[in-house]
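Everything on this sheet refers to the single structure shown next.
Readers should treat all values here as calculations from the given coordinates under stated rules, not as data from a laboratory. In this text the structure is predicted, and so the values were computed from the model without any measurement. Quick reminder, even Gly has a Cβ in these numbers, built from the backbone with ideal geometry, and neighbours come from all protein chains shown.
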Amino acid sequence: MFSKNTYISRRKQLKQQLSGGVVLFLANNEASMNYPSNTYRYRQDSSFTYFYGLQIAGLVGVIDIDEDKEILFGDDYGIDDIIWMGNQPTIKELATSIGVDNTQVFSELEAYIRKVQQQNRKIHFLPPYRDDSRIFLSRLLQLPIESLKDAASVELIKAVVALRSIKTDEEIEEMEKICDVGVDMHLAVMHGCQVGKLERELAGLAEGISLSGGSGVSFPVILSQNGETLHNHCHEQILQSGRMLLVDMGAESVTGYSSDYTRTFPVNGKFTQKQREIYEIVLEANLETIEKSRPGIPYWNVHMNAATVIAKGLTELGLMKGDYVAAAKEGAHALFMPHGLGHMLGMDVHDMEGFGEDYVGYDDTYKRSEIFGHGSLRCGRELRPGFIVTDEPGIYFIPQLIDIWQSEHKFEQYINYDKVREYIGFGGIRIEDDILITESGCKVLGKPLPKQVDELEAIIGK
Ligand code: GLY
């Protein structure tokens, strides 16, 4: 947790941005795995953590903007809980630790809300993403579950996005630390990679490091020789010489901040010429992104640059043809990179995605593209100091997508399908770093993580 003043200041800034009404922040509940009392690792809601810092279930934070009053609703633990969990702070103690003056027992929340409703005052809440929260909110607010997404407060969403998008110095420090843990996960996999091992052995090794250095992984580990499947969570294959391994993973800090890196390398530690040629194109797109990312530049432009680098490289290799600038603009490169260049990173690995991606990554000036591939860019808006975004270009050979595009004669003026078919079975390559936008450019977060071909060849399996 940060100091009490951090949470007081965050709530104060939020209050200043809202015109009136009452704000509700729900803590996440425990989630059962296979029977009620056997639960998954507890994960607090990121906005609750941001404004209250408490990683505890069963709480609701209320901010009455009109009356300038804050209340923490929750129940003290009884002896039956304390026997199993040990002594626990009271709600009053918790509230005091984060500068909230008032507490009420949970059963009083409903009457409180009815009163606000009778006063015809606005109740702001963020879109709920867990079913238990949706059911709870639906009953509390007397709204149909299906209407909750639309009833969520756009004013609140925009205010929270404005705050959480700009990382403060103490948040950046947390991000740096958890990025280091993410780097350690990757280094362990690189050193431990050996022909004949199971992918699962490496995934487990990395996940252990995320638990030693933080509170676990920031998303389920992606580690596969079938890197052409963008989010491949299957780790059941035996590592084979000649194949490449795509590893996309990061850790989450106990304070709730995430890291997210991807590296791709040959299992046997030696790039073939074909692998190296494709790899160098992706690396160039990754490095140019670092060069070009700075305040004032829309990430859309940086994404377009990466798409163009990829189209240019593939044209030079003969997989694409014609005007590579036009090809990238029209979306022909998306046969190979069907995703965007990156996303906001922070307390969520896709930061605040649950509010609706467009609130986070787009604004009145920059709207999401409707073109396949470009439309998957999660963050297209102008970069500002304090933003943290991922830089993750890739090239993939997805057999099914190639079949469909070829059968539709799609972009035949730009794509040399005969040559592309020679790469079926190649897999996919992605290289991802986490970058902080500074006053003058950007900074790659975390300790150095090898990505040059010679650096990787020097470390894999050693
Ligand atoms: N690196 C995983 C993701 O961006 O979804």
| field | Debye intensity ratio in log₁₀ form over the Cα atoms of region 70-142, taken at each q of 0.27 Å⁻¹ | value | -1.18
| task | Determine the relative contact order of region 281-439: mean sequence separation of Cα pairs under 8 Å and six or more apart, normalised by residue count, in whole percent. | result | 32
| request: Would you list which lysines come within 26 Å of Lys92, measuring only between C-alpha atoms, while excluding same-chain residues fewer than 8 positions from it? | output: Lys4, Lys12, Lys15, Lys69, Lys115
| Given a cut-off of under 8 Å on Cα pairs at least six residues apart, what relative contact order in percent is computed for the chain? | 15
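Hey, any idea what the orientation-averaged projected area of the convex hull of region 204-331's Cα atoms comes to, in nm²?
Quarter of the Cα hull surface area: 9.9 nm².
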| task | Sum -39500 (n - 2.57) across every DSSP H segment of at least 4 residues in the chain, then divide by the residue count to get the 222 nm mean residue ellipticity, nearest 500. | result | -12000 deg cm²/dmol
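Find, among the trypsin sites (Lys or Arg not before Pro) in region 242-275, those assigned to loop by DSSP (not H, G, I, E, B) with at most 14 other beta-carbon atoms within 10 angstrom. The partial results should precede the final answer.
Working: sites: Arg243, Arg263, Lys270, Lys274; in loops: Arg243, Lys270.
For trypsin sites (Lys or Arg not before Pro) across region 242-275 that sit outside H, G, I, E and B with at most 14 neighbouring Cβ atoms in 10 Å, the list is empty.
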| request: Write down, largest first, the equivalent ellipsoid semi-axes of region 138-292 in whole Å, where each equals the square root of 5 times an eigenvalue of the alpha-carbon gyration tensor. | output: 35, 19, 18
| remark: If N is the residue count of the chain, its Cα Rg over 2.2 N^0.38 Å rounds to 1.06
| message | Starting from the Kirkwood Rh over alpha-carbon pairs, what translational D in µm² s⁻¹ does region 114-156 have by Stokes-Einstein at 20 °C and 1.002 mPa s? | response | 200
| Taking a temperature of 20 °C and a viscosity of 1.002 mPa s, what whole-number D in µm²/s does Stokes-Einstein yield for region 1-66 with Rh from Kirkwood over alpha carbon pairs? | 163
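Give Lys419/Lys462; Lys177/Lys329; Lys367/Lys447; Lys367/Lys443; Lys167/Lys462; Lys197/Lys451 a once-over and call out the pairs whose C-alpha atoms are over 29 Å from each other. Walk me through the intermediate numbers first.
On the way: Lys419/Lys462 35 Å; Lys177/Lys329 38 Å; Lys367/Lys447 34 Å; Lys367/Lys443 26 Å; Lys167/Lys462 37 Å; Lys197/Lys451 22 Å.
Pairs exceeding 29 Å: Lys419/Lys462; Lys177/Lys329; Lys367/Lys447; Lys167/Lys462.
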| message | Between 0 and 90 degrees, rounded to the nearest ten: what's the tilt of helix 199-213 against the longest Cα principal axis of the chain? | response | 40
| said: Compute the angle between helix 131-141 and the longest alpha-carbon principal axis of the chain, please, reported from 0 to 90 degrees and rounded to the nearest 10. | reply: 40
| query | Helix 109-118 sits at what angle to the longest principal axis of the chain, using alpha carbons and giving 0 to 90 degrees rounded to 10? | reply | 90
| query | What percent do you get for the relative contact order of region 346-442 when only Cα pairs under 8 Å and 6+ apart count? | reply | 32
